[in-house]
Amino acid sequence: MNGVMIVEVDLVRGLGIYLGMDVIDVAGATGGMDTDEMAIAQAVCQAVEEHDFVLCNIKAPDIGGHDGDVEQKMAAIAKVDRAIGYLLENLDWSQTVMMLGADHCTPISVQNHSGDAVPISFYGYGVRPDDVMVIIGNYAIKCAAGDG
């Protein structure tokens, strides 16, 4: 398996290098609120053509949490949503699987990383849908444990 990382954070970039993965630097991927999420999404679509595994990380939603800024966090989530929309429209889902998740929570009320559960979602080839439409609070934990 050959993997690639498209990331904005040096720590994760270093991990990719250590693991022998390719690391793609994307023009406009700043790691800040001004990051070009569409350039990142386009890079993912290109990377899928030559790699079996692509790890992409967009840092912006973390920043609003650390700053305690609701509007900033919502704007960052909208950036991620636009990138996902691009991926949904442009990847070949007959041979692609996407896992969408987060590496941690950064609640605005805490202004730091927390131990809260993060939901994950899978989409694409061979993924069997379930009836979960919305994940609120600890329901994500029940689903992960097979109780939901």
Under a plain spin-label model, where a point goes 7 Å from the Cα along Cα-to-Cβ, how far apart in nm are VAL127 and GLN95? 1.9
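Identify the GluC sites (Glu not before Pro) of region 1-52 meeting these criteria: DSSP loop state and at most 11 other C-beta atoms within 10 Å of the C-beta. Walk me through the intermediate numbers first.
Numbers: sites: GLU8, GLU37, GLU49, GLU50; in loops: GLU8, GLU49, GLU50.
Filter output for region 1-52: GLU49, GLU50.
Counting other Cβ atoms within 10 Å, keep those with at most 13, restrict to DSSP loop, and tell me which trypsin sites (Lys or Arg not before Pro) in region 64-126 are left.
Values: sites: LYS73, LYS79, ARG82; in loops: none.
Taking region 64-126 and a limit of 13 other Cβ atoms within 10 Å, no loop trypsin sites (Lys or Arg not before Pro) are found.
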Listed residues ASP36, ASP131, ASP116; largest mean-square fluctuation, Gaussian network over the chain with Cα springs below 10 Å, found at ASP131
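Which shape class applies to region 1-75: rounded if a/c is under 1.5, otherwise prolate when a/b exceeds b/c and oblate if not, where a ≥ b ≥ c are the square roots of the Cα gyration tensor eigenvalues? If you can, show how the numbers build up before the last one.
Values: a/c = 2.75, a/b = 1.82, b/c = 1.52.
Verdict is prolate for region 1-75.
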For P(r) over Cα pairs in 10 Å bins from 0, in percent, pick the label among [x] 10, 30, 21, 10, 7, 7, 6, 5, 3, 1; [y] 11, 36, 38, 15, 0; [z] 9, 23, 30, 23, 11, 4, 0 that corresponds to the value derived from the coordinates. [y]
Nearest-5 percent of antiparallel DSSP beta bridges in the chain? 45
Given chymotrypsin sites (Phe, Trp or Tyr not before Pro), DSSP loops and at most 14 other Cβ atoms within 10 Å, the longest exposed-site-free stretch of the chain is 1-92
For region 93-118 and region 37-67, distance of Cα centres in Å: 13
Using the Kyte-Doolittle scale, which helices in the chain average at least -1.0 and also have C-alpha atoms spread 18 Å or more along the helix axis, with helices defined as whole DSSP H runs? 70-90
Dividing the mean separation of Cα pairs under 8 Å (6+ apart) by the residue count of region 1-81 yields a relative contact order in percent of 32
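Please report the relative contact order for the chain, taking Cα pairs under 8 Å with a sequence separation of at least 6, and give it as a percent rounded to a whole number. Display every interim value, and only then the final one.
Values: 213 pairs, mean separation 27.4, N = 148.
The normalised contact order for the chain reaches 19 percent.
Excluding ASN90 itself, calculate the net charge of residues whose Cβ lies under 14 Å from the Cβ of ASN90, where each Lys or Arg counts +1 and each Asp or Glu counts -1. Write out the running numbers ahead of the final one.
Numbers: positive: ARG82; negative: GLU37, GLU49, GLU89, ASP92.
Cβ neighbours under 14 Å give a net charge of -3.
Throughout, read-outs are computed from the coordinates displayed, never taken from laboratory work. As the structure is a prediction and not an experimental result, all values here were calculated from the model. Using ideal geometry, Cβ is built from the backbone for each residue, glycine included, and neighbour counts are taken over all protein chains shown.
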